[in-house]
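Working notes for the structure below.
The values are calculated or read from the model by the stated rules, or taken from the named source; none is laboratory data. The model shown is predicted, which means the values in this text are computed figures rather than measured ones. Neighbour counts run over all protein chains shown; Cβ positions are idealised from the backbone, glycine included. For accessibility, only protein heavy atoms count, side chains too; no ligands or nucleic acids. Shrake-Rupley method; radii C 1.70, N 1.55, O 1.52, S 1.80 Å.
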Amino acid sequence: GTMKRFRRHGHESQRDKHKQDLYQFNKTVEHGFPHQPSALGFSPSLELLAIGTRSGAIKLYGTPGVEFMGLHDENAAVTQVHFLPNQVGMVTLLDDNSLHMWTLRLLFVIADLFTATFPRIPEDYVGRRNLECVEALHENPLNPRQVLIGYSRGLMVLWDLDRQRPIQHFLCTQQLESVWWMEDGVNILSSHSDGSYCQWTVTGEDPQTEPEKQETPYGAFPCKAISKIIQLPSKQGPPFLIFSGGMPRASYGDRHCISVIHSKFHEALDFTSRIIDYFVIREPSALVVLVEEELVVVDLQSEGWPVIQTPYLVPLHCSAITCSHHVSSIPLKLWERVQAAGAQQTTHYSRKPWPIIGGQNLSPDPPQRDLLLTGHEDGTVRFWDASGVCLYPMYKLSTAGVFLTDADPNDNMNQGSEGEWPPFRKVGCFDPYSDDPRLGIQKIHLCKYSGYLTVAGTAGQILILELNDEGAEQMVEATVVDLLQGQEGFRWKGQARLDVREEPVLFPPGFQPFALVQCQPPAVITAIALHSEWKLVAFGTSHGFGFYDYHQKNNIMVKCTLSPSDQVAMEGPLSRVKSIKKSLRQSFRRIRRSRVSMRKHHTTNALPEINARLEAEALHEMELAPVQRKIEARSSDDSFTGLVRTLYFADTFVSDSSHSTPSLWAGTNGGAVFAYVLRVPSLERRAEDPVVAHAAKEIQLMHRAPVVGLVVLDGKGTPLPEPLEVAHDLARSPEMHGSHHLLVVSEEQFKLFTLPKVSSKSKLKLTAVDGSRVRRVGVAWFGSRTDEQLESSLVVLTNQGELHVISLPSIKMMVRYPCIRKDDVSGIASCVFTKYGQGFYLMSPSEFERFSLSTRWVVEPRCLVEAPLQMRPKNPSSPVHRDQPDGVPTEHRLAYDLNTTASTTTEPRESLALERQTSHSRACTPRERSARDHHLCLLRPNTVSPPNPLHADQPLFTPPASVRFTAAT
């Protein structure tokens, strides 16, 4: 007995070591645009951009690949971000009235705070109004010991910090919004609530009661406030004047505009969401604008002021994401063709390089080319380069052109007409309004070897597309498939199908549709499978499944899965909210025609909130219905038993154990699995002879839980390769001598059946105690860093937000990690796994969180920021002329090497190394998650002794220094 125990212990420790070699959970990088941004900052000397959010997150970006992240302990919005002079650090102000200092320096200092008490202000001015709050602070660009203080009622005071007294008062009659001190140190601009701005001169005459000049750019009629104004000299000719707001109140009061005026050029840049803040990169070379839903960078040096394409912070949610699909290791030829098609869509962008280039990206080149495809509510599919830290847009496919939709071709507020005033130009790509929700993409499958793509939508449409390097005009004929098969007593009450255009359509280079399958009833497509070698596409809805031969363009087989009690399946996903959504859509379209922009957040208007709630309900019903339906109390008369959850093509043993044959497997919500044997003609006869299918097997799981995954394992217990993978020498041929097994993954258990007999061999139950249900499943390959050998496993995400890795073919639980909060239903529903143990899920509508379960494949930022040493003037009162607005001299540098081991550079350089924290004990809130799991953070070390690398067992995040102000009682 003792020997047995010892042996078992040795075996266990060996198994544990094996697990440690293969599996390791990390959240590695956040792709996309921060949710609810609230503040913007920029350091010209470090060339870093900072964005603060309403949840207290702070994100820094430099050259592509250089990314940092931090989080305030307080759950409060960041209202201001300012980089500190002479050091790598910044101060943030939160809306709970607290100040926080962030730094990578080994010592930290909080600046002395002073309260200025003002002597007598001209009595006739005070008598007319209360001063109210401080609206603006701006220091003299030539002498930082002089500060201009602006009060909201209009008074501006020039204050001497050394002598603690005022130098000059500027008495303005209009409510103040912002001030700007010009670089000459003599002229000041003030902008006001009535849409005007004034220019004042620092003369020393006190008080100054009249401005040098006053102007209302869009005047005559009442205008909205100019909330911020900047004037910068240019190398050639007159200065650039840039201001936000100031629009005529009645006609364009709800537009989100920034006006740029230079010489005779004048444009009102029109954004589709609220402006948070903006700054200009000096020359002036670029205008960087943070709006609520995207970051837009305008090239001020090129003719026409084109937009510069962003390499990161791309708004993934230009139109709401409805599904995702990941493809690993794309062949170079396909990659280059997709890239070329995408390049033709970006000719309107500036040719100038990205202007924010701080830090150094030390990440090695990605080992392979990976694509992430996102399907959107407006019928587009976007292709993203997901190989590295930056999720970069490659190509956009639009499917709307195939159909006749409600879209009005004149319903386009893109460009202002010639001679229009104000001279609007629409910028940015965020456009959340879909002309027809039936266009929404529900399923995507791309074959990387053949270049065939299939996309399926919300109204029963399945498009099959192929890649063409030239534009082509072609008809897309619809093959209508009746999934009810003449069943009596069912009447579809949902949406109508989309109407197909009856004339040829001109498709641009890229993926072009050549076949369309239209399911009747036109319900949401819930599953698809593509076999590019056999040239077949299988599709399923809540009514049944079928498959289509896209080589001969005909449908081969249909199976209705409805039972007589499945009446609810006939309601359709949109019927409950359809009418009110449609009327809202039509009213929005009318509003747009009346030249009103699409304002997303308006505090006095409840309509957008109602619309957002209805959108959420409809999406919950539409996209998430197959995934989210409560299944705890499932019985055979459940309303959605016939819904097809998964489809799978396999070359395996279905009829007898000596001859393998092509087959199609389908799994339903009611725990049924159907198998069909296919006869696919030989290559020579493929165009003439029909593909024939006949029913071969039917399995009914006793526990009747929805079947969410099907996998056939070959004679060696390895999952069958993808179509064409063996033909391209990228996988070994499957083992056809031993017996094959079918793995059926239901929401509640994993069950292995022998083929062809379909007798149960083994099973693994997911714990039913905590109500765990499988939500997402995928096959992934894992390997250690040292061993070339790969082994396949099953990766599973549950409704508890936990990730499980399950071994194949033994179906044993290997590891489990908390990943997503269990109440984050849409985050769990959006998860997609990669072939090599990574994954993506939507942590907000506009951001993917990327994670890795593999020790071997991890994509994460590795970067270096070289920082100036602190340079303090010996005499603090002496004026300092500063070329850089944040006052950072760049001669002496201190290197901070992030996510690498301690640097071994010689004095005077020092370094501070940060390591990623890899231990996780529980699922966290979005704020906790960001704080605990992100690999790179701006932080202050715990000690001031010689710098040591910060290790994973130390706290990753020390709170920044903070000060809180309370209002005087």
Among the listed residues LEU391, LEU397, LEU371, which satisfies the condition of being over 30 Å from LEU864 (Cβ atoms) and at pLDDT 90 or above? LEU397
Would the range 275-283 turn up any residue that is in contact (Cβ under 8 Å) with a residue 12 or more places away in the chain and surrounded by fewer than 16 Cβ atoms within 10 Å (Cβ to Cβ)? yes
Going by what's in this entry, would ILE330 be described as part of a loop (DSSP other than H, G, I, E, B), open to solvent by 50 Å² or more (accessible area, probe 1.4 Å) and in contact (Cβ under 8 Å) with a residue 40 or more places away in the chain? no
Residues to consider are LYS581, LYS553; find the one that is within 29 Å of the chain's Cα centre (by Cα) and modelled with pLDDT under 95. LYS581
Every residue in the range 787-826 that is among the charged types (D, E, K, R) and touching a Leu at 6+ places or on another chain (Cβ under 8 Å), please. GLU791, LYS812, ARG816
For the condition touching a strand residue (DSSP E or B) at 6+ places or on another chain (Cβ under 6 Å) and under 23 Å from SER658 (Cα atoms), what is the one hit in LEU752, LEU790? LEU752
Looking only at the range 471-497, filter to residues that are open to solvent by less than 30 Å² (accessible area, probe 1.4 Å) and either in a strand (DSSP E or B) or at pLDDT 95 or above (or both); which one of those is nearest to GLU377 (Cα to Cα)? VAL481
Is the range 71-89 home to any residue that is touching a Pro at 6+ places or on another chain (Cβ under 8 Å), under 23 Å from ILE308 (Cβ atoms), open to solvent by 10 Å² or more (accessible area, probe 1.4 Å) and in a strand (DSSP E or B)? no
Would you pick out the residues in the range 452-470 that are among the polar types (S, T, N, Q), in a strand (DSSP E or B) and in contact (Cβ under 8 Å) with a residue 60 or more places away in the chain? THR454, GLN461
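Somewhere in the range 186-195, is a residue more than 41 Å from the chain's Cα centre (by Cα), at pLDDT 90 or above and over 29 Å from SER273 (Cα atoms)?
Yes - at least one qualifying residue is present in the range 186-195.
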How many of the residues making up the range 37-70 are assigned to a strand (DSSP E or B), at pLDDT 90 or above and either under 20 Å from ARG274 (Cβ atoms) or hydrophobic (A, V, I, L, M, F, W, C) (or both)? 16
Within the range 238-280, residues of a type in the set (Val, Ile, Thr) and under 21 Å from VAL179 (Cβ atoms) come out as ILE242, ILE258, VAL260, ILE261, ILE275, ILE276, VAL280
Closer than 30 Å to ILE525 by Cα and crowded, with 19+ Cβ neighbours inside 10 Å, is that true of PRO315? yes
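Before we move on, is LEU372 part of a strand (DSSP E or B) and surrounded by 15 or more Cβ atoms within 10 Å (Cβ to Cβ)? It would help to see each step written out before you state the result.
Working: part of a strand (DSSP E or B): yes; surrounded by 15 or more Cβ atoms within 10 Å (Cβ to Cβ): yes.
Spelling it out, LEU372 is indeed part of a strand (DSSP E or B) and surrounded by 15 or more Cβ atoms within 10 Å (Cβ to Cβ).
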Given the conditions (1) part of a strand (DSSP E or B); (2) open to solvent by 30 Å² or more (accessible area, probe 1.4 Å); (3) more than 28 Å from PRO238 (Cα to Cα), every one holds for ASP162 apart from (1)
Given (1) in a strand (DSSP E or B); (2) within 20 Å of PHE25 (Cβ to Cβ), identify the lone condition not met by LEU752. (2)
Among the residues in the range 675-689, are any of a type outside the set (Val, Ile, Thr), crowded, with 21+ Cβ neighbours inside 10 Å and either within 25 Å of ARG775 (Cβ to Cβ) or out of contact with any strand residue (DSSP E or B) (no Cβ under 6 Å at 6 or more places or on another chain) (or both)? yes
In the range 217-237, how many residues are modelled with pLDDT of 90 or more, assigned to a loop (DSSP other than H, G, I, E, B) and within 17 Å of ASN187 (Cβ to Cβ)? 1
Test: residue in the range 420-441 that is over 14 Å from VAL402 (Cβ atoms), over 26 Å from the mean Cα position of the chain (by Cα), of a type in the set (Phe, Trp, Tyr) and in a strand (DSSP E or B): yes
Determine, yes or no, whether LEU155 is at pLDDT 90 or above and buried (at least 18 other Cβ atoms within 10 Å of the Cβ). yes
Which ones in the range 196-216 are at pLDDT 90 or above and farther than 20 Å from ASN143 by Cα? SER196, TYR197, CYS198, GLU210, PRO211, GLU212, LYS213, GLN214, GLU215, THR216
